[in-house]
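The values are calculated or read from the model by the stated rules, or taken from the named source; none is laboratory data. Because the structure is predicted, anything quoted here is derived from the model rather than measured. All Cβ positions, even for glycine, are placed from backbone atoms using ideal geometry, and neighbour counts span all protein chains on display. Note: accessible area is taken over every heavy atom of the protein model, side chains too, but ligands, DNA and RNA are not part of it. Shrake-Rupley method; radii C 1.70, N 1.55, O 1.52, S 1.80 Å.
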Amino acid sequence: MLGAVVLHAPVLRFDLLKPLKRPIDGGRGWFGANKTWRGALVMFTGVFLATGVVWELMPDSLHDESWLVVGALIGAGTVLGELPNSYLKRRLGIAPGQRRLSPGGVALIAYDQADFVPAIAICLLPVWTMPLDTLVLGFVAVAAVHLVVNVIGYAIGAREQPI
């Protein structure tokens, strides 16, 4: 996932790839204006490339497949995992990039930090079943790192809110 952050941060900061800065939902309001083709492409590509870089660190049981396949599945999970939570927030009237501090809103904020982890596990099912303890530990670790990355993104001007 860090590959997505590394590649996406400068794109956001310098507003690169403007022709792809179009909502995935075609402006229908399903996911909000922040879910763009540009973001999907850049995040997928960052995760895909990072998979190749860290391939030797991946579980041995994944090595029966090519890193290209696994990278594509992880990239797809990263992008697709962002959509259900965004859809739910739009249905609840929470605007893109905003948050609600009610108990339910705080739960959405927490889930939003690692919402792609379960999606990655689902996307990997054709080649690997992620153990439940790995899924839970991965979710918690990613949520913690994501919070830190959000604060850094806010500090460098890539985000409007720190969390």
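Structure notes:
- Portion, in percent, of the accessible area of the chain that falls on carbon or sulfur, probe 1.4 Å: 70 percent
- Net charge over other residues, Cβ less than 12 angstrom from the Cβ of W30 (K, R count +1; D, E count -1): +4
- Around the Cα centre of the chain, unit charges on the Cβ atoms of Lys, Arg, Asp and Glu (plus for the first two, minus for the last two) sum to a dipole of about 1020 debye.
- Heavy atoms of K35: accessible area, 1.4 Å probe, square angstrom to 10: 50 Å²
- In loop segments of segment 91-163 as defined by DSSP, the trypsin sites (Lys or Arg not before Pro) with at most 16 further C-beta atoms inside 10 Å of their C-beta are R99, R100.
- Per-residue ellipticity at 222 nm computed for the chain from its helices equals -20000 deg cm²/dmol, with DSSP H segments shorter than 4 residues left out and the rest contributing -39,500 (n - 2.57).
- Average accessible surface area per residue within the chain, 1.4 Å rolling probe, Å²: 57 Å²
- Relative contact order [Cα under 8 Å, 6+ residues apart], the chain, whole percent: 21 percent
- Measuring spread by the Cα atoms of the chain yields a radius of gyration and Dmax of 15.7, 45 Å.
- Rg/Rh for segment 14-109 stands at 1.07; both radii use Cα atoms, and Rh follows the Kirkwood definition.
- Listed by chain and number, the lysines whose alpha-carbon sits under 17 Å from that of K89, ignoring those within fewer than 8 places in the same chain, are K35.
- Separation of the S66 and R99 label points, Cα + 7 Å toward Cβ, nm: 4.1 nm
- Radius 15 Å from Cβ of L16, net charge of other residues (Lys, Arg +1; Asp, Glu -1): +4
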